[in-house]
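What follows is a set of notes on a single structure, which appears directly below.
The values are calculated or read from the model by the stated rules, or taken from the named source; none is laboratory data. Everything numeric here is computed off the predicted structure, so don't read it as measured data. Virtual Cβ from ideal backbone geometry, glycine too; neighbours counted across all protein chains shown. What goes into the accessible areas is simple: the full protein's heavy atoms, side chains included, and nothing from ligands, DNA or RNA. Shrake-Rupley method; radii C 1.70, N 1.55, O 1.52, S 1.80 Å.
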Amino acid sequence: MNIDLIKEKVEPHLTRERYEHTLRVAETAIQLAIRFDASKEKAQLAGILHDYAKYRSKEELASWIETSDLPNTLLDFHHELWHGPVGALMVERDFGVEDLEIRNAIHYHTTGRAKMSKLEMIIFLADYIEPGRKFPGVDEVRKTSKQDLEHACLMASYNTIRYLMSKQATIYPDTFHTYNDLTRRVYGG
Ligand code: DGI
Ligand code: FE
Ligand code: FE
């Protein structure tokens, strides 16, 4: 399936704003792939597909989690965390995406995880810094993303955890694993 056909098939599953976000994530991911020497094609495809499951009902997402190998503990956390893991399964069914690197980048785009691959970091970061994002501190992350992929992901992870804690939200273990692993990678120890 070529990329234009994939875009055409993704669009009706998203709102207009979300579809435009998706295109910006793909463009940002391509730039990061060029900068940090990863596959542009994989970055683009993972970017286009990363939020594919975002607007499925809670019931549909929960049923995918219950009937697949995904960890059931996801169900104990906010449903916002379900669209990545479920999306990674849906894109195999709907687009025939077999590539595990791409599917992992989709799976972990919201939380990250320990030992993220380069492509996983690229999608995690592109989702955070795409030009439409206005998070406090995002400009510093954009600046760091010009030089250092791991450090920029660490800054995004730090900002997200701080934001979640300020809202009294629970934090999924992979979200902490991302922070711990990148802190070790960036600062050692
Ligand atoms: O799908 P997007 O809106 O493009 O972005 P996303 O998939 O990165 O994130 C969706 C939301 O999930 C975002 O507001 C941050 C939040 N999030 C990330 N990690 C955690 C989390 N929410 C909770 N409750 N717990 C987490 O560990
Ligand atoms: Fe998302
Ligand atoms: Fe997104």
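Structure above, values below:
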{"read-out": "The stretch 1-80 - Rg over Rh from alpha carbon coordinates, Kirkwood radius", "value": "1.05"}
{"read-out": "Carbon/sulfur fraction of accessible area - the stretch 3-135, other protein chains in place, 1.4 Å, %", "value": "50"}
{"read-out": "FRET efficiency, 1/(1 + (r/R0)^6) with R0 45 Å, evaluated for residue 183 and residue 98 via beta carbons", "value": "0.85"}
{"read-out": "Efficiency of FRET from Cβ geometry, residue 57 and residue 143, R₀ 41 Å, rounded to 0.05", "value": "0.60"}
{"read-out": "Rotationally averaged projected area of the stretch 3-135 (alpha carbon convex hull; nm²)", "value": "7.9"}
{"read-out": "Residue 99 accessible area, 1.4 Å probe, all protein chains in place, Å² to nearest 10", "value": "50"}
{"read-out": "Accessible surface, the stretch 1-110, averaged per residue in Å² (probe 1.4 Å)", "value": "50"}
{"read-out": "Leading residue at positive end of dipole, the chain (Cβ point charges), from 145, 108, 55", "value": "145"}
